[in-house]
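Take a look at the structure set out below.
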Amino acid sequence: MALLAEFPDAARILVSADERSSEDEPDLQQEIVRAADLSRGVFEHHRVRFYDGRHNLAYIMVLDVSRTTLNEFDLQNILNACHSLVKLDASRCGLVQLPQPSLWEKQKSLQVLHLNRNDLKRWQDLDFLSVCHALVWITLFGNPIAGQTQFRPFVLQCCPRLLAVDFRLISDLERISEVSGEHWQGGSISARFVGALLDADDPPREGNFLNLKLEDEVGPEQRLQLQTSEEIRSIRTHSLKSSPARLIQACWRGCMGRRKAHDMKESFLRAVVRLQRGARFVLWRKRMSEYVKGYLHDIDELDLLLDAKEMLRRRALKLIEVSVRRWIRRRSQRMKQRKASAVLGRMGRGFCEYRMLFYAVCDYKRHPGFYFPERHAWEFRLLFNVILKRYRFPPLPPDHEFEESKILGVRFPQKDEVPFRQRTLHALLNFGSHCVLRRLHSGRNYGTAWDGPMHKMVDKAANMEITYARANLRRRGCNLENRSRRAFLASCVSGRHPIHRGSKDEAEDDSHDCLVFKELLEGPESRWPQEELLQRFMNEAKISGCKRWRKNHVLEQGVVDKETGVRCYAETGWLSQRLLYAACPNEKVCLNLAMMLNEFSQLAHLLPSVSAVPVLHEKGVLQVTAATMIQATWRAHRARAKLKCGLWTAVVTRRAVLCIQRAWRWGLVKRRLEMLTGALRVMHSI
């Protein structure tokens, strides 16, 4: 039984004075008590031991103090002394109120509580019992509060885990009504059950679940244990039987159990039939072998018997061969599995290391952007939109303009002009090694026509003679011819760089659709390439519109002015390209965009009028720009270092050479003029 399992080492149980003689009355001070019947005045003999707290009463699980006059202080001492109560019977004790909830909260194992036929009148007393979470049965009939209409709903609200109140089970209808707010009125007859005999004077009735058929040798101590255990078991059993939901669940579990047993029985019968068939076959083969041996011995044909042995040997060899082949096949399969697992693990580790290396080299966290030429902005925007939609970011509109970069592409080759690399990281690094980039400086010095600073030469190693010669030999300055001066002033550029000049409206006027690509885009989708990336590219192009050719407004050489006849270089960008900048929202978008651009460069030839996008990540652009500036600085330093003299010495020498050349030329002109003047005088004298 459930409660007997909780009393494995039960010692002695106190019974009432009617069943025990005075000399057999136990001493609570000398032994551990698990259950005690102190009803009908026996509690008066032990009242002091509950008050002083010097005796160990914490092991009492069943305590009966019914028919004893108690007050709130007595019940408070009982709860303080006994912490392991499973059942407490305090009926007919004249209780007017109950102790505070802090004392009831200590009773973690209290399941049965009898408080019937007392003088409880306050709703607050019932609320105190809400802290007893293990309580399953409580009796309160005979109290003034039990006659109220809202008595049972209030008790159920305070203790929702109760299974019975007084002698009536709590039905599912009451619990549903309590949840919905409609209080239950009355009860069904099937929910009633017969309660425990609370009075010893009442005669036992047939059908009472407490009317136990105990044998003669069972003492009063064990009877109290069995009574408490039977009460809890009977309440739980009747609660299960009276609940429609639990009854349906029990029927369903029984049905599933019977079905499972039936299936197990059928499988067992099939296994038995197979075993019997195999056993019969083995016995039949054995009998046939013995019969053949006897028959061949009778007809004196032992050679046939030897042939039979040979057949058995061959059969055995065949079985051995099949077994060996099966073993070799299983072994090779396991080796393949181990190899496959090793390859998968190596590929996984390589993939993770490659991603980490990609993030470390490109540093997308600090530099989440890409640089690309202006003429490839349409292809880049479509691929960028494909990646943004994959990560649920809003796509770029068709009229989106990328940011103008402050980097000048002196040499930014096409994808087919650099060696091919399969891996994306290798392709980016290889492409960066073929680029020549430099920072774009414009609008810095508005005081000079050429938008640049005034340089000053410094030579700390020059001697006094060189310093004196440099001070006397003036530089050429503005002593130029008007044609050269006009050419210089017309070619000076101030403000924005020529590569960023030009009106967007003029570019739109000069643009026109790519007719071949437009025909493919407006045609059936079955003509599109079957690659997944190109399919997404075409769908995005269908949304954004066809590609348009635009005339390049940046000149690659000077233009001759018709009025002056001087070549002007103000709008010349030479071979430099205008680069645009696009920033990505996060690192994953940068990584996947770089991989998609590398994959698109291998498939772009399948689409007409579409070319691969040459692109370089932001950190690579900064590295290439820094390398270009370092190389230019080194070449200038190396050129100055090759001079056999100081910088001022070289300048003075060049100025002296220019002065000598100018004087020589003017000397020749002067001689020619003198010769012409003499000839003119001779002519006039004739």
With point charges of +1 on the Cβ of Lys and Arg and -1 on the Cβ of Asp and Glu, referenced to the Cα centre of segment 581-667, which listed residue (ILE660, MET596, LEU606) lies farthest in the positive direction of the dipole? ILE660
What's the extension gain from ARG474 to GLU301 if we count 0.36 nm per residue and subtract their Cα-Cα distance? 48.6 nm
Need the full-extension length gain, ALA641 to LEU317, defined as separation in residues times 0.36 nm minus the C-alpha distance. One decimal, nm. 107.5 nm
Can you give the charge dipole size of segment 281-393 about its Cα centre, rounded to the nearest 20 debye, using +1 on the beta carbon of Lys and Arg and -1 on the beta carbon of Asp and Glu? 860 debye
Roughly how many debye, to the nearest 20, is the charge dipole of segment 105-158 about its Cα centre, given +1 on each Lys and Arg Cβ, -1 on each Asp and Glu Cβ, and no other charges? 60 debye
Modelled FRET efficiency - R0 60 Å, ARG329 with ARG392, Cβ distances, 0.05 increments: 0.75
Two-site FRET efficiency, GLU310 against ARG274, from Cβ-Cβ distance with R₀ of 22 Å, rounded to 0.05: 0.10
Expressed in nm to one decimal, what extension gain is obtained for the pair GLU563 and TYR359 from 0.36 nm per residue of sequence separation less their Cα-Cα distance? 67.7 nm
How much of the accessible area of segment 339-407, probe 1.4 Å, is carbon plus sulfur, in whole percent? 60 percent
Under unit Cβ charges (Lys, Arg +1; Asp, Glu -1), what dipole magnitude, rounded to 20 debye, does segment 618-675 have relative to its Cα centre? 340 debye
Given R₀ = 35 Å, FRET efficiency for TRP123-ALA261 by Cβ-Cβ distance, to 0.05? 0.10
Sequence-distant lysines (8 or more away, or on other chains) whose Cα lies within less than 18 Å of LYS547: LYS504, LYS518
Within segment 619-649, the residues whose backbone N lies under 18 Å from a label point placed 7 Å from the Cα of MET457 along the Cα-to-Cβ direction are 636-649
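The values are calculated or read from the model by the stated rules, or taken from the named source; none is laboratory data. Quantities reported herein were computed from a predicted structural model and do not represent experimental measurements. So basically every Cβ, Gly included, is an ideal-geometry build from the backbone, and we count neighbours across all protein chains shown. Accessible surface areas use protein heavy atoms only, side chains included; no ligands, DNA or RNA. Shrake-Rupley method; radii C 1.70, N 1.55, O 1.52, S 1.80 Å.
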